[in-house]
Amino acid sequence: MMNLYSYLIISLILFVVGLVVMIARKNIVAILLGIELILNASALNFVAYSRYVTNNLDGHIFSLFIIVIAAAEAAVGLAIVIRFFQIKETIHIDEATQLRN
Amino acid sequence: MFLQLLFISSALLTVLCAIGVLMVKNIMHSCVFLLGSLLGVAGLYATLGADFVAVTQIMVYVGGVVILMLFAVMLTGGKDFISRAQNLLGLPASMGNKLTYGVGLLVGLVFVLTNIKLLMGIAQTIPSKMINNEFPSTVSQIGHLLVKDHVLAFEISSVLLLGALVGAAIIARPRKQN
């Protein structure tokens, strides 16, 4: 039961749900939530392969760097969301149509 | 036995909370479901023997990223965000209602007590699994790898974090009133 394939199936479900959240939701913060789910799916894949296939700790290092990059991405993304709300008074994704101003 | 129970509960928590993120309309409830899903992923890391990654997941994601998301949701809620907020009982004011606090306290107490009963029963039935550590600790090996093999990526990630923090502070600064 606890083998590589069960972890891969969980990771697949996380990835697909994150992708559907990114596509279907119209809120910018919800799109960021979908990105977090996708990053978690990839990090889980790295650690699962590191446990069952390669038997060293390089997957753990990759997973740690994925967590670091996700934190940086969340900080910058939420700053952009707050700035967008200051200008447009909404966080609907269809309102984001121009780069300047 | 304990590992399989942890695996099943973590997998169910991860998948159900991820589907909850997808299905729930309210963005605040969506953030709370994301918190549950990230906790489940941390439990899956623990079943894979990645103790340092699991603790880092809980500290960075649950303690940092989800709180940041909740701050962003509250800061960008708009005017009618508070008035539309309702809890599961349909009460309008979800902040500072005596009934909601009482029900929350009761549910938390029942949850904690039943879980303590369950976990103590499991720990008493299989003491050997708890004492004989199945996975060796990975912290010292990860430390050695970070400063030997992956030192370039480590330094670049520090520069990336500095740039991201400065950039976020510059982007989100208040607008000049002119």
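Odds and ends about this structure:
- Shown for B:138, B:76: other C-beta atoms within 10 Å of each C-beta, ranked fewest to most, produce the order B:138, B:76.
- Estimated 222 nm signal from helices in the protein assembly as shown, with DSSP H stretches of n ≥ 4 weighted -39500 (n - 2.57), rounded to 500: -24000 deg cm²/dmol
- Principal axis box of the range A:4-95, alpha-carbon based, largest edge first, Å: 51, 23, 10
- Potential extension, residue B:116-residue B:144 segment - 0.36 nm per residue separation minus Cα distance: 6.4 nm
- Principal-axis tilt of helix A:4-24 within chain A, Cα atoms, nearest 10 degrees: 10 degrees
- A Stokes-Einstein calculation at 37 °C with viscosity 0.692 mPa s, built on the Kirkwood radius of the range B:1-85 over Cα pairs, returns a diffusion coefficient of 239 µm²/s.
- Fewest-first ranking of B:158, A:11, using other Cβ atoms within 10 Å as the exposure measure: B:158, A:11
- Relative contact order [Cα under 8 Å, 6+ residues apart], chain A, whole percent: 27 percent
- At q = 0.06, 0.09 Å⁻¹ the log10 of I(q)/I(0) for the protein assembly as shown amounts to -0.23, -0.51, computed by Debye summation with a single uniform scatterer per C-alpha, solvent ignored.
- Overall Cα dimensions of the range B:138-178, principal axis frame, Å, largest first: 56, 18, 6
Bear in mind these aren't lab numbers, they're just calculated from the coordinates by the rules spelled out. Model, not experiment: these values are computed from the prediction. Neighbour counts are summed over all protein chains in view; Cβ atoms, including those assigned to glycine, are modelled from backbone coordinates with ideal geometry.
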